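Notes for the one structure printed next.
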Amino acid sequence: MKAIEIQTDNEEILGAFKKLAKAFKVDFFEKEVSKSNLNPSPNNDPYFENPKNLAEIEAGLIDVKEGRVVKMDRNERKKFLHS
């Protein structure tokens, strides 16, 4: 047996999935998920629950998308991190 988990706040999408499940006679259940349960870490690392940390990660992703990065090879990274 396999399971699929769908997370959405969009009632239209949720309704469509319910109709599809009913049409195929597939059992399903709903549960409310609080924002604190959406920790992306597999072991629920509290680092990812701190809004400041998440903001810094988002800012870093924006920097990458906009090309504000410094590329280093493995040796340069090692030297930089161990200095």
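Hand me the GluC sites (Glu not before Pro) from the chain located in a DSSP loop with no more than 10 other Cβ atoms within 10 Å, in residue order please. Write out the running numbers ahead of the final one.
Details: sites: Glu5, Glu11, Glu12, Glu30, Glu32, Glu49, Glu56, Glu58, Glu66, Glu76; in loops: Glu5, Glu30, Glu32, Glu66.
In loop regions of the chain (DSSP not H, G, I, E or B), the sparsely surrounded GluC sites (Glu not before Pro) are Glu5, Glu30, Glu32, Glu66.
Of the accessible area of segment 20-83, with the probe set at 1.4 angstrom, what percent is carbon plus sulfur? Mind dumping the intermediate values first?
Numbers: 3630 of 6410 Å².
Exposed carbon and sulfur together represent 57 percent of the surface.
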Subtracting the Cα-Cα distance of Ile6 and Glu56 from 0.36 nm times their residue separation yields 15.3 nm
Among the DSSP H helices of the chain, those whose Cα atoms extend at least 15 Å along the helix axis and whose mean Kyte-Doolittle hydropathy is -1.0 or higher are 11-23, 51-65
Once the Cα atoms of the chain are picked out, what are the Rg and Dmax in Å?
20.3, 62
Before rounding to the nearest 500, sum -39500 (n - 2.57) across all DSSP H runs of length at least 4 in the chain and divide by the residue total; then give [θ] at 222 nm in deg cm²/dmol.
-13500 deg cm²/dmol
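For segment 8-61, run through the chymotrypsin sites (Phe, Trp or Tyr not before Pro) and keep only the ones in DSSP coil with at most 15 other Cβ atoms within 10 Å of their Cβ.
Phe24, Phe28, Phe29
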Reachable lysines, given that their alpha-carbon falls under 27 Å from the alpha-carbon of Lys22 and they are not under 8 places away in the same chain
Lys2, Lys31
Could you tell me which of Ala3, Phe80, Val69 has its Cα farthest along the dipole of the chain towards the positive end, charges placed at Cβ (Lys, Arg +1; Asp, Glu -1), taken about the Cα centre?
Phe80
Using DSSP to define loop residues, name the trypsin sites (Lys or Arg not before Pro) in segment 1-53 whose beta-carbon has at most 13 other beta-carbon atoms within 10 Å.
Lys2, Lys25, Lys31
Please give the FRET efficiency for Asp63 paired with Lys31, using the beta carbon to beta carbon distance and R0 = 41 Å, rounded to the nearest 0.05.
0.70
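The values are calculated or read from the model by the stated rules, or taken from the named source; none is laboratory data. Predicted, not measured: the structure shown is a model, and the values here were computed from it. Cβ sites come from the backbone with ideal geometry, for glycine too, and all protein chains shown count toward neighbours. Areas reflect the complete protein model, heavy atoms only, side chains present, ligands, DNA and RNA absent. Shrake-Rupley method; radii C 1.70, N 1.55, O 1.52, S 1.80 Å.
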